[in-house]
Amino acid sequence: MITTVLAFLFTLGVLVVIHEFGHYRVAVACGVKVLRFSVGFGRVLWRRQAGPDATEFVLCALPLGGYVKMLDEREGEVKPSELNQAFNRKPLWQRTAIVFAGPFANLIMAVVLYSTAYWIGIEEPKAVVGPPVAGSAAERGGLRTGDWVRSLAIDGDDWQDVRSLTDLRWQLTQAAMQQHSVQLQVTDRDGRATRTLRLDLAGLEPAELDSNLAKKIGLGAAYSEPVLGEVKAGGPAAAAGLLQGDRVLSVDGVTVQDAQSLRERIRAGVKAGKAAAQHWQVERAGRVLPIDLTPRVVRDGDASVGRIDAFVGQPPSMVTVRHGPLEGLQQGLARTWEVSSLTVKMLGRMVVGQASLKNLSGPLTIADYAGQSVQQGLAYYLGFLALVSVSLGVLNLLPLPMLDGGHLMYYIFEGVTGRPVSELWLARLQRGGIVVLLTMMSVALFNDVTRLLGLH
């Protein structure tokens, strides 16, 4: 819990500082006097100011954002000697550059973070797939449990190597968003028996383009060997004579392909609320042994399921995805562009009702993911930080009042008409923007709570 909170506060602090520094740095370059650079809101916890006319840097108690306060005649009286340093007196192009600099700083930061993660190297599951979801595009295309996906081609373009299962999921998500078909070159787990498959992702309904898209395409968890791990003393597995390292070949005559299918067979070992005996065949030290086992019954929500009190499955095979200096930078640029594009498309689909509002996430989800990524290692956390930085940059460019994109919208109007937006319309748009933002925040918080309660 402490790790999650600290990771969240650090994540938020870094992103806010970078965003506001973008505004601050360009404002100073344009000759605007910056009165205050604040990280957070509310009561001031720390303050530093080099002199009476210098920028005041403050850290406040509520760390959910920040701001840069500039000299502006619309917000207070300005000395005649300082009029040339007022934001509102600057040319349109300079005001536009100052406002745009915040989101742009977040996007540049994402490029640096993604590139650094690629240079360090990320441990990711090998692109060996578990059982495809029944009736999915993957199953219809012929993908089977244990297939190792080596490369793919989108709509007949050049073949691209698949570096990991994470890479495969990302490429398929991109293709599905564009309603494209994909060809896969796959082998067995040992790299033999190459064959080519075709996944028709154009058949997915637009409404299916949500956070569970990978499952709807048909990709589940990474392939895991049906081998037992630690066996708990006194449990059904120990009572039946099962040992750590046993490989399960079949249950009641049905071949077990991977750990996921074995777990499903164990859960199904309950009939009419009572445990049902199962006949297993396991491989131990080169010998095939028959094992009779009866799972114990436990409640899982409204259902009764079987448990054997043993860890089922081995960790998936991992690969290190690492790039050189130039390639890592190229990948960082490409990933930032892809995530930005995907974010805009997803937001657009949510607006027109073609994607679920469940995709909106709030601070609780961000905090949870921040804690998880920190525990997985530096490269994972940098990738997570880059993802949130892109989201912050893109969201701030939305044409909504109170956001940077709203101010840019005003400047576009001013550039086209030659006059600024009237005070009356500014007030109206401001009120409308507040309503939209509060609605988005409420939906995001609701999604956070339902995810934490397991209702999504």
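Since every read-out is calculated from the coordinates, none of them should be taken as a lab result. The structure presented is a predicted model; accordingly, all values stated were derived computationally and were not measured. Positions of Cβ are backbone-derived with ideal geometry, glycine not excepted, and every protein chain shown enters the neighbour counts.
Listing for the model above:
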read-out: Label-point gap, in nm, between A427 and D53 - each point 7 angstrom along Cα→Cβ; value: 3.7
read-out: Karplus (6.51, -1.76, 1.60) ³J(HN,Hα), θ = phi - 60°, over the range 294-300, in Hz, Gly and Pro reported as x; value: 10, x, 8, 9, 10, 8, 10
read-out: The chain - charge dipole about Cα centre, Lys and Arg +1 at Cβ, Asp and Glu -1, debye rounded to 20; value: 540
read-out: Only Lys, Arg (+1) and Asp, Glu (-1) charged, at Cβ; the range 172-310 dipole about Cα centre in debye; value: 320
read-out: Rounded to whole Hz, the Karplus (6.51, -1.76, 1.60) HN-Hα couplings of the range 395-411, x for glycine and proline; value: 4, 6, 8, 4, x, 10, x, 5, 9, 4, x, x, 5, 5, 4, 4, 5
read-out: Packing rank of 104-110, 34-40, 69-75, where each peptide gets the mean count of other beta carbons within 10 Å, highest leading; value: 104-110, 34-40, 69-75
read-out: Structure-derived Rg and Dmax of the Cα atoms in Å: which label, when the choices are (1) 22.7, 72; (2) 21.5, 65; (3) 27.5, 93; value: (3)
read-out: HN-Hα J in Hz across the range 157-163 - Karplus 6.51, -1.76, 1.60, θ = phi - 60°, x for Gly and Pro; value: 6, 5, 6, 10, 5, 9, 7
read-out: 20 Å cut-off, amide nitrogen to a point 7 angstrom out along E327 Cα→Cβ, residues in the range 99-121; value: 111-121
read-out: Helix-only mean residue ellipticity at 222 nm for the chain, each DSSP H run of n ≥ 4 adding -39500 (n - 2.57), per residue, nearest 500; value: -14500 deg cm²/dmol
read-out: Lys pairs, the chain - Cα-Cα below 16 angstrom, 8 or more residues apart or on other chains; value: 8
